[in-house]
Amino acid sequence: MPNLSRRTMLRSAGIATAALAAPTLLSACGSSSGGSGHVANKGTKLAPWPTYTPKTGPAPDLKGDPSTGVEDAYLKYPSKLTKGTSGTPGDGSTLKVMTITYGTPPTPEAQNKYWQAMEKALGVKIAFTAIPASDFSQKMSTVMAGNSLPDILNIGGGITLPHEADFVMKTMADISEYVSGDAIKDYPNLANIPTDSWKAVGRFHGGIYGVPVQRAKPGNALWINGDAFAKEGYKVGAPWSEDQFTNALRGLTHGKQYGIGGSTGGLSWPTYAGSFAIPNSWSLKGGKFTSQYESAGFKEMLAYLQKLWKTGLFYPDSTSTSQVDMKTLYYNGTVKSYGDGFSALPTTLGLVHDFQAMPMVPFAPSGVTPTPWAGSNKFGYTVINKTLAKDKVKMVLRVLDHLASPFGTEEYQLMHYGVEGVHFKYNSAGDPIPTKLGQTENITNLPFQYVCDAPQVLYVPGAQQGVKNAYEYEKATCPKMIQNPANGLRSDTATSTGATLDTDMTDTLTSIITGRQQVSSWDAAVKKWKSGGGDKIASEYADELAANTTK
C-alpha cells in the first residue's frame, strides 16, 4: 500500500484507530476513582457478580481454550445463522446515546440505511453522539459539568476521566438488582459476558453500575510485517531471543525504512514490558501492591530501548508521531513493526494486503522468561442515566442484550456488517465483504459496538491466514500472560494525583529512551513518584482488594 494516506485509510476503510493504551497505575480498571471517597468498596455490602451463563455458538475451525484465554477461531463465516434474541427490545421511544469513536462522522440518520436498520431491529430511535477519541476527554469534561446527560453513556478506549467514579455514582443507575447473581438471566446475552470483564469494570461502593464491552485476553502487541520478518528468520508463534530481534531490526532498517516505530505518550513502551518480565502495572504479594516502575526489569527495558534509539533502528520522529499516523507508516511499509492493541486485528487484516500483518510473540532477553501482559478484558463500560424510570432501565438493558448477541446470530451480522445486499455481499467463500456503501455506513462510523457487544472471536472476512497467525499467537502467549492485579479496584488518591504522576513518569522514560537522560535517572523518578502519591495508591488498592475478596 505505498500510496495509502491517513485520510484515505480512515475514510475508505473506516478503521478503528484505538491508540495503544499504556496501563497507568491510576487506572487499574480503566476508570479513575472518585475524589470524595464514597466510591470505594471497603466496608460495603457487595453485589454478587452476574452469574456467567455461556451460550453455544457455531463450531469453530480452530478450537479455543477458555481456561487460558485462547479464542475460538473461524476461517469461514457460518453458513447458517441463528436468532440471538426473541422479539424487539425497544418501546418505540428515543434513546440518547454517547460513545467514543475512531471513525469519521456518520451519514445523518435520515439518509443512513445502516442507522435506520439498527433502529428498526432495536425498536427505538437512536440519537447518537459519537465523540472523536482526540476530543473525548475534553468533551466529557463539559458533559460531566453540565445537566444534559445521555440516556446511555459508554466510557472506554483506555481514557481515564477526572473523578469518573464519583460522576458515575452521582448520575448513573445502580443496576445491581437487574444484573447481579441470577438476575442477569433475564438478559441471556449479557449473561454470556465472562465474569472477568464484569470484574474489570469493578463495583462502585459495592454496587454494579457498568455493563462491560468485552475484549479478548491479549492486551498490547508488537505488530510486525510478517513477510519482512520472515526474511530475517522469524516463524509464526515462535519466540525469539533479544539478539535475534535486534539483528532483525538492523536488517530491516535502511534508507527511509525502519525496523521499529513508536508514538507519542511513551513510544509504546508497554509493548516490550512483557519481554523483560515487568509486572502488569502492579505486582501483588502477601496483600501488598508494588508498582511496575520499581521492578528491575523496567530499567533493563529502558536501557534496551535506548540502545535501539541510539543505533537508529527507531523511526526518528516517533516522539511526535500520533498513533493514527504510526499506523499509516506501518501499513505503507515505512516501519516494519510498531506497538498497538491486539484488538487492532480486524481493521489491520482488513486493510493490509501487501504483506502478512501479525502480532509477534515477545522476544526473550538472556536469562529472562517473558511474561506477556494480558489486557483488562474490556474496552470500557456502559452506564444508564439514573433519571430513567425502572421500566425504562429494563428496556435499555434489553437493548444492550440485543447488541451483545453472539457471533453466528442474525443480530450480530446486522450490527457488524449491515444489511445484506446493501452494506455487504457474500464472496465466493461465503464471507461478508463490504459494498461501497458499507465502507461509509458501518459500525466504525456509527459505533454501536462501543454501546455493547458480544464476546470476541477470531474472525476477519477474507483473512484466513491472518486469523491462523493470530490464533498461533494466542496459543503461544495466552497461557503465559499475567493480569493486572488491581483490575477493578479503586483508589481515591489515584484520582487526585495519579494522572500527573504517570504523566511525569512517561515524560521521564521518553527522555531516557531517546538518550536525553541516563537510565540511572529512573531511580530518582521512582522515588518521587512513590512519595508523591504512588505509595498511597498502592495502600488503597490493598484495602480495596481486601474488601473485594469476599465475593
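The values are calculated or read from the model by the stated rules, or taken from the named source; none is laboratory data. Note that this is a predicted model, so its numbers are computed, not measured. Counting neighbours? That spans all protein chains shown, and the Cβs are built from the backbone with ideal geometry, glycine included.
With the condition kept exactly as written, say whether any residue in segment 207-229 is modelled with pLDDT of 95 or more, among the basic types (Lys, Arg) and either more than 30 Å from Asn332 (Cα to Cα) or surrounded by fewer than 20 Cβ atoms within 10 Å (Cβ to Cβ) (or both). Within segment 207-229 (the criterion being modelled with pLDDT of 95 or more, among the basic types (Lys, Arg) and either more than 30 Å from Asn332 (Cα to Cα) or surrounded by fewer than 20 Cβ atoms within 10 Å (Cβ to Cβ) (or both)), the answer is no, since none of the residues qualifies.
Here Gly515 fulfils each of the conditions (1) on the phi > 0 side of the Ramachandran plot; (2) crowded, with 16+ Cβ neighbours inside 10 Å apart from (2).
Of the candidates Glu410, Glu420, Glu441, the single residue that is modelled with pLDDT of 95 or more, among the acidic types (Asp, Glu) and either under 30 Å from Leu222 (Cβ atoms) or buried (at least 20 other Cβ atoms within 10 Å of the Cβ) (or both) is Glu441.
Listed by position, the helices (runs of 4 or more DSSP H) contained in segment 475-551 that have at least 1 residues being within 24 Å of the chain's Cα centre (by Cα) are 499-513, 535-548. Among the residues of segment 88-124, those that are surrounded by fewer than 16 Cβ atoms within 10 Å (Cβ to Cβ), without any contact (Cβ under 8 Å) to a residue 12 or more places away in the chain and touching a helix residue (DSSP H, G or I) at 6+ places or on another chain (Cβ under 9 Å) comprise Pro108, Ala110. Based on this model, can you work out whether Lys231 counts as under 25 Å from Thr68 (Cα atoms) and basic (Lys, Arg)? Here the answer is no, as Lys231 does not meet what is asked. Among the residues of segment 297-312, some residue qualifies, meaning at least one is touching a Phe, Trp or Tyr at 6+ places or on another chain (Cβ under 9 Å), modelled with pLDDT of 95 or more, assigned to a loop (DSSP other than H, G, I, E, B) and of a type in the set (Gly, Ala, Ser). Among the residues of segment 379-407 satisfying the criterion of being closer than 16 Å to Asn189 by Cα and among the charged types (D, E, K, R), which is surrounded by the fewest Cβ atoms within 10 Å (Cβ to Cβ)? The extreme case among them is Lys394.
Pairing each residue of segment 126-142 that is within 30 Å of Gly92 (Cα to Cα) and without any contact (Cβ under 8 Å) to a residue 60 or more places away in the chain with any residue that is assigned to a helix (DSSP H, G or I) and of a type in the set (Asp, Glu), provided the two are 6+ apart or on different chains, yields C-beta distances under 6 Å for Ile126/Glu119. In segment 273-284, the residues that are at positive phi reach residues that are of a type in the set (A, V, I, L, M) with C-beta atoms within less than 7 angstrom, at least six apart or across chains, in these pairs: Ala277/Val368; Ser281/Leu25; Ser281/Ala28; Ser281/Ala486.
Among the conditions (1) more than 30 Å from Asn548 (Cβ to Cβ); (2) aliphatic (A, V, I, L, M); (3) at pLDDT below 95, the only one that Leu62 does not satisfy is (3). Looking across segment 141-172 at every residue that is in a loop (DSSP other than H, G, I, E, B) and in contact with a Gly (Cβ under 7 Å, 6 or more places away or on another chain), the one that is farthest from Gly341 (Cα to Cα) is identified as His163. Reported count of residues in segment 174-209, each being under 16 Å from the mean Cα position of the chain (by Cα) and under 16 Å from Asp453 (Cβ atoms), is 7.
Filter segment 359-378 for residues that are out of contact with any strand residue (DSSP E or B) (no Cβ under 8 Å at 6 or more places or on another chain) and small (Gly, Ala, Ser); which is surrounded by the fewest Cβ atoms within 10 Å (Cβ to Cβ)? Checked segment 359-378; the qualifying residue surrounded by the fewest Cβ atoms within 10 Å (Cβ to Cβ) is Gly367.
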